[in-house]
2 protein chains.
Amino acid sequence: MTPLITAFERSPDGGRGLARDMRVRWALEEVGQSYDVRLLSFGEMKEAAHRALHPFGQIPTYEDGDLALFESGAIVFHIAERHRALLPDDANARARAIAWMFAALDTVEPPIFERAIAAIIEREEPWFEHRQNVLAGNIRKRLDDLSNHLGDSDWLDGAFSAGDLLMVHVLLRLKGSDMLDEYPNLSAYVVRGEARPAFKRAFEAQLAAFAGKPSTGE
Amino acid sequence: MTPLITAFERSPDGGRGLARDMRVRWALEEVGQSYDVRLLSFGEMKEAAHRALHPFGQIPTYEDGDLALFESGAIVFHIAERHRALLPDDANARARAIAWMFAALDTVEPPIFERAIAAIIEREEPWFEHRQNVLAGNIRKRLDDLSNHLGDSDWLDGAFSAGDLLMVHVLLRLKGSDMLDEYPNLSAYVVRGEARPAFKRAFEAQLAAFAGKPSTGE
């Protein structure tokens, strides 16, 4: 069967590939698995039919035969585990790649996402700028450590893995910001991820969906 | 070999079991694996020796023979995968349990952790109360959905899994707050987790470490 994923009918990022379906599309492209997409309005995401798939009423979801999954990290992991192209074969290297998946989502993404949301919803608050600066400091702490770890390497731990896929996607939200530009090796890391043919195909597919064009990844 | 984990020398929570080593201790207890603990001061966590294990200078880490891991989610997953007691055998049920691991850490924990941190470090900020209320609203949104999903079930998806272990630990931070009390089924869910013998052993071990007593989990 062809897996079916869900995505925003109109992504709030205007097609910049920041929505979390992008991670799943990219993973599917990396392993050469075609997929179908169901686009959802914000209203549909909160309806019972979608909540049966995603208890928190979000995107993406993933359906394949009897299996229904939610959480982009879990979906990427499922794809990586099933196709064995995004995780190393060596047991220890595999465990470390999984650690980078969790690091991307639990340690690096929270301050980045928090600042992006605050930039929208706190714009009218008198303390807006002060808080944006505090959050930028939190992000820089993570980027300092990540940059030190990456050094001159192409990827976080040996060959490109699902850990890199999630980390590049998390960092993509900082693209064009001074913050990312301060770390040449991290900027180059993001560019390296974007240059992968699978990334490009996934990016075009999510952009086509945003523009109202057919959006299957086939 | 006996795995070695790291934990705070003096946990900022005063031994309430909220630090992330608790998750790893609990998982190890569930699968019946003894372990050793190295306690670290805040200074030691930021030193090069520890950063070689944890690029972001945090706890916990996990060492077992040639393998060194960081990120509590990844460590719990590694333990669950290796011992096959915290993940179902059925492939689809296993994938769903993993989805709940990611949901606990990526969807439910961020607003809870964010609010707890803000309650400490933003106390003097002009936005303190406003933001505490906003974050409480964000937490309630997650708890609404989680409570609706859990319903009358004991655990999130069939038998107790690593997904429940992480979710209970994430919710533990709300224990005694009005927010958790508003959801009787979630309060009961946390109590159910705390009642597990493995939880109790892990809790006692982290408390003993905080109190300066020997803290191995053997």
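Where a number appears in this text, it was derived from the coordinates with a stated rule and is not lab data. Because the structure is predicted, anything quoted here is derived from the model rather than measured. Here the Cβ positions follow ideal geometry from the backbone for every residue, glycine too, while neighbour counts run over all protein chains shown.
All conditions but one from (1) facing chain A (nearest Cβ under 10 Å); (2) touching a helix residue (DSSP H, G or I) at 6+ places or on another chain (Cβ under 7 Å); (3) crowded, with 17+ Cβ neighbours inside 10 Å apply to residue B:143; the one that does not is (1).
Pick out the one residue from B:142, B:115 that is within 19 Å of residue A:69 (Cα to Cα) and under 19 Å from the mean Cα position of the chain (by Cα). Even if it seems obvious, please write down each step before you answer.
Values: B:115 fails: within 19 Å of residue A:69 (Cα to Cα).
Sole residue among the options that is within 19 Å of residue A:69 (Cα to Cα) and under 19 Å from the mean Cα position of the chain (by Cα): B:142.
Residue check: is residue B:49 among the hydrophobic types (A, V, I, L, M, F, W, C), over 28 Å from residue B:86 (Cβ atoms) and either free of Cβ contacts under 8 Å to residues at least 12 places away in the same chain or assigned to a helix (DSSP H, G or I) (or both)? Here the answer is yes, as residue B:49 does meet what is asked. Entry remark, the range B:149-165: residues being outside any helix (DSSP H, G or I) and farther than 15 Å from residue B:86 by Cβ number 4 in total. Under the condition of being of a type in the set (A, V, I, L, M) and part of a strand (DSSP E or B), the residues counted in the range B:52-78 number 3.
A single entry from B:85, B:104, B:99 fulfils the requirement of being under 22 Å from residue B:28 (Cα atoms) and within 8 Å of chain A (Cβ to nearest Cβ): B:99.
Just one of the listed residues (B:2, B:61) is within 14 Å of chain A (Cβ to nearest Cβ), farther than 24 Å from residue B:119 by Cβ and of a type in the set (S, T, N, Q), and it is B:61.
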